[in-house]
1. Every residue in region 99-145 that is closer than 26 Å to residue 79 by Cβ and loosely packed, with under 15 Cβ neighbours inside 10 Å, please.
2. Could you list, in sequence order, all residues of region 170-205 that are surrounded by fewer than 17 Cβ atoms within 10 Å (Cβ to Cβ) and under 28 Å from residue 5 (Cβ atoms)?
3. From the list 172, 152, 204, pick out the single residue that is touching a residue at least 12 places away in the same chain (Cβ under 8 Å), touching a helix residue (DSSP H, G or I) at 6+ places or on another chain (Cβ under 7 Å), part of a helix (DSSP H, G or I) and within 16 Å of ligand 2 (Cβ to nearest atom).
4. Across region 134-149, what is the number of residues that are in a helix (DSSP H, G or I) and touching a strand residue (DSSP E or B) at 6+ places or on another chain (Cβ under 9 Å)?
5. Of the conditions (1) surrounded by 16 or more Cβ atoms within 10 Å (Cβ to Cβ); (2) assigned to a helix (DSSP H, G or I); (3) away from ligand 2 (no atom under 16 Å from the Cβ), residue 164 clears all except one; give me its number.
Ligand SMILES: Nc1ncnc2c1ncn2[C@@H]1O[C@H](COP(=O)(O)OP(=O)(O)O)[C@@H](O)[C@H]1O
Ligand SMILES: [Mg+2]
């Protein structure tokens with residue numbers, strides 16, 4: 001599904017403050033893989049995820065998603081990727097607190113032009129899939145951290161993506177909610193979803209069959225079981 005070849009990302013290129021956030025990263029992801037990337041704060045995890053999502057362009061190297069050369073793709077093609085193939089859960093979730101869980105989940109669909117009735121139906125079924133159907137009409141800012149995280153997962157899944165990317169998905173969760181979110185990811189993976197999470201949570205990372213580490217922008221495979 002994914003081939004990253006010698007991908008580097010430098011910020012502030014040519015300035016004294018230049019940062020090498022990602023250094024010659026190589027990554028192969030097959031359909032159905034469940035991968036964690038662990039590293040301390042500032043090691044390049046979000047940079048890697050943003051590149052995989054097509055939100056950020058590498059400084060050098062190539063990135064293929066299926067047969068698309070993402071480094072050469074137009075913004076339109078990259079938007080299409082995020083609309084149809086890649087679901088993303090960003091570090092701060094990006095949910096609208098005053099809107100209900102269901103409204104948040106349906107937003108990508110209605111923006112994409114789906115009729116409201118159809119969007120609401122699809123949204124409800126995804127909320128059910130992530131185990132929070134009963135919270136559909138609650139406003140997001142009335143929900144707990146664990147519940148919000150599930151709304152963010154539901155929104156990432158609502159367009160039937162084949163790849164789910166999650167940035168520190170357990171970052172705001174206690175150990176019980178962490179374990180239950182990992183149960184959900186496991187179930188999604190068992191149903192065919194390819195998943196990549198970046199995290200500094202070792203307990204979460206230990207639950208994925210494939211794990212990588214990233215330190216100072218250097219990505220390394222640690223385990224494949
Ligand atoms: N937009 C940016 N401009 C300049 N430096 C950045 C930017 N984004 C990230 N960095 C730097 O790149 C490095 C990796 O950051 P990041 O990928 O956010 O790490 P992590 O997600 O592992 O905490 C850090 O040194 C960070 O300060
Ligand atoms: Mg980060």
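1. Answer for region 99-145, where residues must be closer than 26 Å to residue 79 by Cβ and loosely packed, with under 15 Cβ neighbours inside 10 Å: 111, 112, 113, 115, 116, 117, 118, 121, 125.
2. Hits for region 170-205 are 192, 200.
3. When all the criteria are applied, what remains is 204.
4. 3
5. If we test residue 164 against (1) surrounded by 16 or more Cβ atoms within 10 Å (Cβ to Cβ); (2) assigned to a helix (DSSP H, G or I); (3) away from ligand 2 (no atom under 16 Å from the Cβ), just (2) comes out false.
Coordinate-derived values only; no laboratory data. Just so it is clear, the model here is predicted, and its values are computed rather than measured. A quick note on method: Cβ atoms are made from the backbone with ideal geometry, for glycine too, and the neighbour counts reach across all protein chains shown.
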